[in-house]
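I have placed the structure first, in the form of structure tokens, so that the comments after it can refer back to it.
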Amino acid sequence: MLFSRTSVTLALLATAFAGMMYLPLSQMPPAYAAFCFVYLLLFHYSIFSLALRLRKITAILLPILLFLSIIGSYLYTFLNIKISDNLLFLLIETTAGEAGQALTPAFIAAILAAVILSTGAYYGLKRCTQPPSLKWPILLLIVLIPINVALSKFNKYPLARQLRPAIATKYAFPFCVIDSVANFSIRWVQYKTRPKPQSSALLSSEVMKPDQREPLTLIFVIGESARADHFQINGYPRETTPRLAKEENVLTYGAIRSFAALTRISVPVMLTPATTKHPKITTNSFLDLFVKHGFSTAWISANSRAVYSSDMPTTRIMGNAQKTIFRNDFTTADYSSFRDEMMLPVVKEVLSTTDGKRAIVVHTRGSHFQYHSKYSQKYRKFTPDKYSGYDNLKTVINAYDNSIIATDGFLADIYDMVRNQNALVIYCSDHGESLGEDGIFMHGNKKRPEQREVPLIIWYSDKYKQLNPDYVAALKNQVGKALSHDVLFPWTVNLGGIALKNTSLPVLIPN
């Protein structure tokens, strides 16, 4: 029978998976798009025909792949976010609040469609009784596989570059899902079996200025999803940093390059000696090093202690902070209602209950999606700013810029707390954010420049300048230079009056 139940089921599945490559197909000339679509139909049909020889396994695995592929296809088609092992790590490590913020009506509709279609695929495959003959699937694959191999081998040629994004198994659904899951599984095992980071206190170091007349307060603020080119003090035409623009002792380094486009990868590098050339995390954060040299330390986080366990990439490198204060330690606000300004009383309390030298890390929510939920009414300058999707780009950017204004206010309020002390506040974001460039949104794509160019802003008090004129001169000397996250660990340590010995790190103050 030419059109048996089995053939129809496999053809429908092949068509569904081929249709998931709509985005790259739509960007091709019609003739190329037609060729690629037919290629995908035949390739999927052949693979599924062979897989159906193991019907019981295929009836379970293929619907699961269909479900994951529909979700991945939605992210790829509408947000230009490609499925990868890093995305899978992000999904399993995300909080319930973060997940809820990402559930736009369109995304919910995609999830419902995935549930319905994958359920239908399961029952359809279960009813398939006789797999197709082996002859035609094998003959088709003999023809089709060499095309894929050739596209990979000759990927520098214009034709190959145009066809590969649609039909290469590296990119096409469901094979990209299988590849991502496999890479994720390998990395997950490596992640779970890796050795615990050593204490940064073991690094060879010494105090450079033991005779400080007034103890230093150093605050390191970790920004979130802030891109440098939306800061007024970096030349952005909108007034997004009105308070920082009035500060005499603010130094901005424009756009420095982030280590990655994901928090879980960037933050550990920001706070440890890891660098672009040597990315392995071998020690915990600089807090242990500060403790070694007589500082009291604290870690204040907008994240939840219950979710962010000691095995998360960020909290794993916290070190032995003498005070660890997470969101659910000081507020009942959930993810959607929390604002960074809610941490200001906590910072103030830590400052008022500690003496001597102090090093404090403050991990913010900053400009994480959804942007309009990250600031209070007093920072709502650009309107309209309420949105449920990306159909109105101006509204999305209004909300994003308002979140930058909230960061401006947050930093300025911290400056005010320590203005009359010997104090230094370092701010840097973990990664940037795409706001519709080439149809791309949010973050996670390491190749996008707007997701990798982040602000680095350093403020120092008048007393710090008076006591450390050489440090301030060294900071000013770096303005305008090409910098990256690599400088954050050695600079922070140096600015705290600590010299790193026998190091290849890009130190600010040579030993």
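Quick note: the coordinates plus some simple rules give every number you see, no bench work behind them. Because the structure is predicted, anything quoted here is derived from the model rather than measured. No Cβ is skipped: glycine too gets one built from the backbone with ideal geometry, and neighbour counts run over all protein chains shown.
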Fill in: Gyration tensor verdict on segment 5-190 (Cα atoms; rounded if a/c is under 1.5, prolate if a/b is larger than b/c, oblate otherwise)
oblate
Discussion item. Please compute the modelled spin-label separation between residue 156 and residue 320, points set 7 Å along Cα→Cβ, answer in nm with one decimal.
Written reply: 5.4
Worksheet item: Add -39500 (n - 2.57) for each DSSP H run of 4 or more in the chain, then divide by its residues: what number comes out at 222 nm, to the nearest 500 deg cm²/dmol?
Response: -14500 deg cm²/dmol
Fill in: Length gained when the stretch residue 292-residue 355 is fully extended (0.36 nm per residue, less Cα-Cα span)
21.1 nm
Fill in: Sequence of 230, 485 once ranked by neighbouring C-beta atoms within 10 Å, starting from the fewest
230, 485
Worksheet entry | Cβ-based exposure ranking for 453, 239, 433, 224, in which fewest neighbours within 10 Å come first | 239, 453, 224, 433
Discussion item. Please arrange 505, 495, 103, 10 by how many other C-beta atoms lie within 10 Å of their C-beta, fewest to most.
Written reply: 103, 505, 495, 10
Worksheet item: For segment 435-475, which trypsin sites (Lys or Arg not before Pro) are in a loop by DSSP, counting at most 11 other Cβ atoms within 10 Å?
Response: 447
Discussion item. Using a 7 Å offset from the Cα along the Cα-to-Cβ direction at both residue 312 and residue 348, what is the distance between the two label points in nm, to one decimal?
Written reply: 2.6
Item to complete: Report the charge-dipole magnitude of segment 5-190 in Debye, nearest 20, computed about the Cα centre from +1 at each Lys and Arg Cβ and -1 at each Asp and Glu Cβ.
Response: 660
Discussion item. Run the numbers for residue 170 and residue 334: contour at 0.36 nm per residue of separation, minus the present Cα-Cα distance, in nm.
Written reply: 55.2 nm
Discussion item. Using the Cα centre of segment 111-188 as origin and beta-carbon charges of +1 (Lys, Arg) and -1 (Asp, Glu), tell me which of 142, 177, 157 is placed farthest towards the positive end of the dipole.
Written reply: 157
Response to the item:
Classified through the alpha carbon gyration tensor (a ≥ b ≥ c as square roots of its eigenvalues; rounded if a/c is under 1.5, else prolate when a/b is larger than b/c, else oblate), segment 204-359 comes out rounded
Discussion item. Between residue 123 and residue 446, what is 0.36 nm times their sequence separation minus the Cα-Cα distance? Round to one decimal in nm.
Written reply: 112.3 nm
Response to the item:
Rounded to the nearest Å, the spacing of the alpha-carbon centers of segment 373-399 and segment 121-170 is 44
Worksheet, complete the sentence: The rounded separation in angstrom of the Cα centers of segment 8-87 and segment 431-486 is 40
Discussion item. Between helix 55-79 and the chain, what is the angle of the helix's C-alpha long axis to the longest principal axis, kept within 0 to 90° and rounded to the nearest 10?
Written reply: 50
Item to complete: Let me know the whole percent of all Cα-Cα pairs from segment 345-482 that are separated by more than 19 Å.
Response: 61
Worksheet item: Can you tell which of 472, 54, 337 lies farthest toward the positive end of the dipole of the chain, using +1 and -1 charges on the Cβ of basic and acidic side chains (Lys, Arg; Asp, Glu)?
Response: 54
Worksheet item: If the limit is 18 Å between Cα atoms, which of 447/476; 192/323; 56/126; 209/292 go over it?
Response: 447/476; 192/323
Fill in: In sequence order, calculated HN-Hα J values of segment 426-431 (Karplus, 6.51, -1.76, 1.60; Hz; x Gly/Pro)
10, 10, 8, 8, 6, 6
Worksheet item: Ratio of Rg to Rh for the chain, alpha carbon only, Kirkwood?
Response: 1.04
Discussion item. In segment 1-42, whose amide N lies under 14 Å from the spot 7 Å out along Cα-to-Cβ of residue 130? List them in ranges.
Written reply: 1-8
Worksheet entry | aspartates and glutamates with Cα under 12 Å of residue 501, excluding same-chain neighbours fewer than 8 positions away | 206
Practice prompt. Taking H placed 1.01 Å from N in the peptide plane, check which residues at least 5 places from residue 254 or on another chain put their amide H under 5 Å from its amide H.
Written response: 456
Discussion item. If you fit an axis through the alpha-carbon atoms of helix 135-153 and take the longest principal axis of the Cα set of the chain, what angle between them do you get, 0 to 90°, nearest 10?
Written reply: 30
